[in-house]
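Structure first, commentary second.
The values are calculated or read from the model by the stated rules, or taken from the named source; none is laboratory data. Keep in mind that this is a model prediction, so the values were computed, not measured. Positions of Cβ are generated from backbone atoms using ideal geometry, with glycine treated the same way; all protein chains shown enter the neighbour counts.
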Amino acid sequence: MSMRTPLGMVRGLGSARDGTHHWWMQRVTAISNIPLIIFLIAFVISHLGASRAEVVASVANPFVAILLALTMISVLWHMRLGLQVVIEDYVHGHGTRLAALLANSFFTAALGVAALYAILKMSFGL
């Protein structure tokens, strides 16, 4: 038998800590997406009509490759967080919610791996 009060047993647990962190991560990724998406749009516009070799040569620049990788990571992380909120709010069955959350995580991870692989492959000229 414990001498702790019910409040003492649950202190530090629950949704209050996780929800605030989730909210902050959504805001941080949203703010980081602003300059990264501007870079991505400028990169795409500057390469309209360019050959594959020209695009690969541009991505071979480490600065460009790093910015493209950061863009993909930030956008996909933001997408995962946003879809998680939608799933948690609007999917009501426990099993269905769990399956949707897992699919959300695996889908964004798969997109991230594919994007980073493509960037690295072009960056190293393979």
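Taking the options Leu48, Leu111, name whichever one is modelled with pLDDT of 95 or more, within 23 Å of Leu126 (Cα to Cα) and part of a loop (DSSP other than H, G, I, E, B). Outline the logic, then answer.
On the way: Leu111 fails: part of a loop (DSSP other than H, G, I, E, B).
From the options Leu48, Leu111, the qualifying one is Leu48.
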*Determine whether Met72 is within 12 Å of the chain's Cα centre (by Cα), hydrophobic (A, V, I, L, M, F, W, C) and modelled with pLDDT of 95 or more.*
yes
*Every residue from the range 31-73 that is surrounded by 13 or more Cβ atoms within 10 Å (Cβ to Cβ), over 20 Å from Thr108 (Cα atoms) and among the β-branched types (Val, Ile, Thr)*: Val55, Val56, Val59, Val64
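Per-residue answers, yes or no, for (1) assigned to a helix (DSSP H, G or I); (2) touching a Ser or Thr at 6+ places or on another chain (Cβ under 6 Å); (3) at negative phi; (4) not small (Gly, Ala, Ser):
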site	(1), (2), (3), (4)
Thr20	yes, no, yes, yes
Arg27	yes, no, yes, yes
Ala42	yes, no, yes, no
Val64	yes, yes, yes, yes
Leu67	yes, no, yes, yes
Ile73	yes, no, yes, yes
His78	yes, yes, yes, yes
Gly82	yes, no, yes, no
Glu88	yes, no, yes, yes
_Show the residue pairs meeting these rules: Cβ distance below 8 Å; 6+ apart or different chains; first residue within the range 52-76 and touching a residue at least 60 places away in the same chain (Cβ under 8 Å) and under 16 Å from Leu36 (Cβ atoms); second residue buried (at least 17 other Cβ atoms within 10 Å of the Cβ) and hydrophobic (A, V, I, L, M, F, W, C)._
Val59/Ala65; Val59/Leu68; Val59/Ile119; Val59/Met122
